[in-house]
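The values are calculated or read from the model by the stated rules, or taken from the named source; none is laboratory data. Everything numeric here is computed off the predicted structure, so don't read it as measured data. Counting neighbours? That spans all protein chains shown, and the Cβs are built from the backbone with ideal geometry, glycine included. The area values use the complete protein model at the heavy-atom level, side chains included, leaving out ligands, DNA and RNA. Shrake-Rupley method; radii C 1.70, N 1.55, O 1.52, S 1.80 Å.
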Amino acid sequence: MNIEIKNNASETVIEIAGRLDTTTAPALDKAIREDIGDTENLVLDIKDLEYISSAGLRVLLSAQKQMQKIGSMKVINVCEAIMEVFEMTGFADVLVIE
């Protein structure tokens, strides 16, 4: 998995590519917890995400809860396969997806 973080004044964009699974989820969790700073808006760009496991879903849920306290979070560029996972797990109703 590759993670690229772009910070500006009030928004942080995290681009995620590859597989978000048990092995890689801790790296994303750490990046979200430590590298977003005082951002008010978190954007997860997952256009190059190929796979997400339950461990990856837990990281997204944790990030959503964290951001609800200080701002907002949205997930963008969701491919059909990942959207199917979001819909089957109910995450499509929990996350803001564009």
**OP:** Return the total of residues in region 1-56 being under 24 Å from Glu87 (Cβ atoms), assigned to a helix (DSSP H, G or I) and open to solvent by 50 Å² or more (accessible area, probe 1.4 Å).
**Re:** 1
Original post:
Tally time: how many residues in region 57-95 are farther than 16 Å from Leu20 by Cα, in a helix (DSSP H, G or I) and either open to solvent by 40 Å² or more (accessible area, probe 1.4 Å) or out of contact with any Phe, Trp or Tyr (no Cβ under 8 Å at 6 or more places or on another chain) (or both)?
Top reply: 11
Original post:
Between residues in region 5-26 that are in contact (Cβ under 8 Å) with a residue 24 or more places away in the chain and among the hydroxyl-bearing types (Ser, Thr, Tyr) and residues that are open to solvent by 30 Å² or more (accessible area, probe 1.4 Å) and not in a loop (DSSP other than H, G, I, E, B), which pairs lie under 8 Å by C-beta distance while being six or more apart or on different chains?
Top reply: Ser10/Asn41; Thr12/Ile5; Thr12/Lys6; Thr12/Asp35; Thr12/Asn41
